[in-house]
Amino acid sequence: MTKNTAVRFAWPLAAAAWLAACGPQGGDQADSGDTELAQAAAPAPGEAALPPGHPGMAADADAAAQPAALARCTMCHSFAEGEGLKIGPNLHGIVGRTAGTSPGYNYSPAMRESGIVWTEQTLDSYLAAPGGMLPGTRMPMGEPDPAKRAEIIAFLKSNG
């Protein structure tokens, strides 16, 4: 097998693994997955929580202040001011900002050229179906549950 053939067959497997790490997409499974993620992040009885500033914690926010609905988001996004980039951009202060303008992140052309200003309404539409609202976006999944979207948006409004 040549190198090009191996790469051609390996990238779909890598993409599937990456998407699987983002968690389940639907109904009751997503609810239990979010709960499991939130429980996994909490220290066991008798164990110390991660100290402030630890790479596993947001730099300026108590993880307990983040809603459980945000658990899947944290796999790809950071939320604290000045916190480094992950697969996706840092979302600190996103409400009121023009899409595709967070410094240091390589946005898709669709996002950079969209002219979207992130409001509660535009965030709700985008989070419900990223590719439906903005074809060409790189965000692979949304949040179909309106109550969870509302929790995420409330957090984003209070975070910056």
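The values are calculated or read from the model by the stated rules, or taken from the named source; none is laboratory data. Since the structure is predicted, the reported quantities are computational estimates derived from the model, not experimental observations. Because the Cβ atoms are built from the backbone with ideal geometry, glycine has one as well, and the counts that use them run over all protein chains shown.
Where in segment 90-157 are there helices (runs of 4 or more DSSP H), lying wholly inside it, with at least 3 residues that are of a type in the set (S, T, Y)? It comes to 120-128. Any residue that is among the small types (G, A, S), outside any helix (DSSP H, G or I), modelled with pLDDT under 95 and surrounded by 14 or more Cβ atoms within 10 Å (Cβ to Cβ) - is there at least one of those in segment 30-47? Scanning segment 30-47, I find no residue that is among the small types (G, A, S), outside any helix (DSSP H, G or I), modelled with pLDDT under 95 and surrounded by 14 or more Cβ atoms within 10 Å (Cβ to Cβ), so the answer is no.
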